[in-house]
1. For residues that are in contact with a helix residue (DSSP H, G or I) (Cβ under 9 Å, 6 or more places away or on another chain), farther than 19 Å from residue A:131 by Cα and of a type outside the set (Ser, Thr, Tyr), tally how many sit in region A:24-47.
2. Looking only at region B:36-59, count every residue that is among the aliphatic types (A, V, I, L, M) and closer than 13 Å to residue B:186 by Cβ and tell me the total.
3. If you go through region B:98-110 one residue at a time, do you hit one that is at the interface with chain A (Cβ under 10 Å from one of its Cβ atoms) and farther than 28 Å from residue B:48 by Cα?
4. Within region B:1-17, which residues are touching a Leu at 6+ places or on another chain (Cβ under 9 Å) and part of a strand (DSSP E or B)?
5. Condition (residue is within 14 Å of chain A (Cβ to nearest Cβ), buried (at least 16 other Cβ atoms within 10 Å of the Cβ) and out of contact with any Lys or Arg (no Cβ under 8 Å at 6 or more places or on another chain)) applied to region B:8-31: is it met by at least one residue?
6. Being among the β-branched types (Val, Ile, Thr), away from chain B (no Cβ under 14 Å) and either under 29 Å from residue A:91 (Cα atoms) or over 23 Å from the mean Cα position of the chain (by Cα) (or both) narrows it down to one of A:4, A:14, A:29, so name that one.
7. Considering only region B:34-87, state which residues are farther than 15 Å from residue B:159 by Cα, within 8 Å of chain A (Cβ to nearest Cβ) and small (Gly, Ala, Ser).
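The values are calculated or read from the model by the stated rules, or taken from the named source; none is laboratory data. Everything numeric here is computed off the predicted structure, so don't read it as measured data. A quick note on method: Cβ atoms are made from the backbone with ideal geometry, for glycine too, and the neighbour counts reach across all protein chains shown.
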Amino acid sequence: MQVIKQLNVLTARIVRQNLTNADTLITVIAMPVFMLLFFVFVLGGNIAIAGTAGGAGAYLRYALPGFLLLTMAMGSAYTSLRINNDRTSGFLSRLHSLPIHRWVILGSHVLASVIFMVLAEVVVMVVGIAVGYRVHASFGAFLAFFGLSLLFGLAITLLAIPFSLKADNYASAGGFSYVLLMLLFVSSALMPTRGMAKAVQVFADNQPMTPIVNVARGLLDSGVSVGGNTIWIALAWLIGGIVVCGVAAYRVYARMYLGK
Amino acid sequence: MNAIEVHGVKKNFGKLAVLKGIDLTVAQGEIFTLLGENGAGKSTLINILATLSKADGGEVRVLGLDPVRDGNKVRELISLNAQETTFDEEFTGSDNLRLIAQLRGIPNAAATIADVTARLDLGSFLARKVKTYSGGMKRRLDLAMSLLGKPKLIFLDEPTTGVDPKNRLALWQLIREIRDAGTTVFLTTQYLDEADALSDHIAFIKDGVIVKNGTPAEIKRRLTTTYTLQAADGQGARARQALTAGGVAFADKADALSLDEANAARGLEVLTVDGITVAHYNRDEADLESVFLAVNGME
């Protein structure tokens, strides 16, 4: 079917752009790997995670799921950059003048973004496993973690679209990703929220990243218990984010390219 | 059937009326050039015709189809070559051509690409990354991408901007070849000599309406308001005296006389009555630059 072929062609183009661009690879793959190794082997030995024996290994076991989501969040900046570059260069207009189904044009960016984020996530996970992380999860739980990653990738990709379409240039298109990173840093991703200053802890416990990271951690490690409501809260944030960001993305896109 | 028929087309951006009722017809197989100042509405009109934007009012037919209702059918028949060259600079010329061929679903894409690149003399550059191309090479690649799929109508939005004179002439030849192969060319350009050299028909757009429309010769003729008259050898002084005596205003112009529209016929009559032989009598030919300046109130 021509429409599937067009989706494949355009998605492959963007994934190839990402995989052949040194700046993208450094920021989205090398940087998270460096941060993982730095946090684990430089800081990890000095970070005491309650309920563990401490040390770099215990920190790795705690923090790897957070680093995986951090990696995906860093990838969202490049989602925004690629879409913005296609818009400002006129490539999106060229595509819209071709006999292509409208949804395929933006859909290929969304698909490529999620694929690239998952690829980067896999690389960071492999590095984590190479330095001692062990997945303690059933096959079903691991699949659920994969599904959670896809939902997270989709949500932050859809969040990136309005910024990428509205920004004047690629430098400002990725600015929103700093907010994502800030939310991950001020969450349970890299440290338990328990030791944070009271006001910060209240914020960290009630913002979307903490339940999502906690669920990811619980799915990869059966030794970590996740509160009963946490899964539903995480899913609510993710699905709500997908709906809200998806509607916002469509509205901006439709106004700019579909004459609505 | 005309390639393009536009009647009373309007387009607003917020409170700003960019197109205020465009009427335009472009015949199939011709080079049609739309001229106007920056911001006159040229690109807005192209975007409507190329299905990138919807008109707020009026009627549009592209190759007999409604660009809104039959958008995908129109897009199968047209090609847009925008002002900016648009491709993946990190990829090779071949990669870029293959991408468009795949998206258009062109059967036997390799042969089609080989044919187009041979016509544009791109063969030796195709394996190189586009970021290493000169401006002229990028323009040619961009045009090659637009020609894939043999469009019946191609929009060329300032295709020679930033191109050196040699490549510009080569592109002119190519545009003529595209027309001669049966494709209608809708052109915009900043260069009036280009419009003059290439166009079968020209329209001037100003403040969102078409203010002049016709062949280059017709448009230039319509603007012309002076005539040059030259008396036979040795009769120049007598001719001046006769015109002065007859109350016909004129201006000296080297070895000839220049008369405006109101005095030309009367001047010719006076000279004939006085038995003065008129060796040459011409309506002056304006150039498109004069027309452009007149249209835009700069002259």
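1. The number of residues fulfilling the criteria is 2.
2. Total satisfying the criteria: 5.
3. No, that holds for no residue.
4. Step one: of region B:1-17, the residues touching a Leu at 6+ places or on another chain (Cβ under 9 Å) are B:1-7, B:9-12.
Listed by number, the residues that qualify are B:4, B:5, B:6, B:7, B:9, B:10, B:11, B:12.
5. Scanning region B:8-31, I find at least one residue that is within 14 Å of chain A (Cβ to nearest Cβ), buried (at least 16 other Cβ atoms within 10 Å of the Cβ) and out of contact with any Lys or Arg (no Cβ under 8 Å at 6 or more places or on another chain), so the answer is yes.
6. Values: A:4 fails: away from chain B (no Cβ under 14 Å); A:14 fails: away from chain B (no Cβ under 14 Å).
Step by step, each of A:4, A:14, A:29 is checked, and only A:29 is among the β-branched types (Val, Ile, Thr), away from chain B (no Cβ under 14 Å) and either under 29 Å from residue A:91 (Cα atoms) or over 23 Å from the mean Cα position of the chain (by Cα) (or both).
7. Those that are farther than 15 Å from residue B:159 by Cα, within 8 Å of chain A (Cβ to nearest Cβ) and small (Gly, Ala, Ser): B:50, B:53.
Residue by residue, here is whether (1) in contact with a Ser or Thr (Cβ under 6 Å, 6 or more places away or on another chain); (2) of a type in the set (Ser, Thr, Tyr); (3) more than 11 Å from chain B (Cβ to nearest Cβ); (4) in a helix (DSSP H, G or I) holds:
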{"site": "A:24", "(1), (2), (3), (4)": "no, yes, no, yes"}
{"site": "A:80", "(1), (2), (3), (4)": "yes, yes, yes, yes"}
{"site": "A:85", "(1), (2), (3), (4)": "no, no, no, yes"}
{"site": "A:107", "(1), (2), (3), (4)": "no, no, yes, yes"}
{"site": "A:110", "(1), (2), (3), (4)": "yes, no, yes, yes"}
{"site": "A:113", "(1), (2), (3), (4)": "yes, yes, yes, yes"}
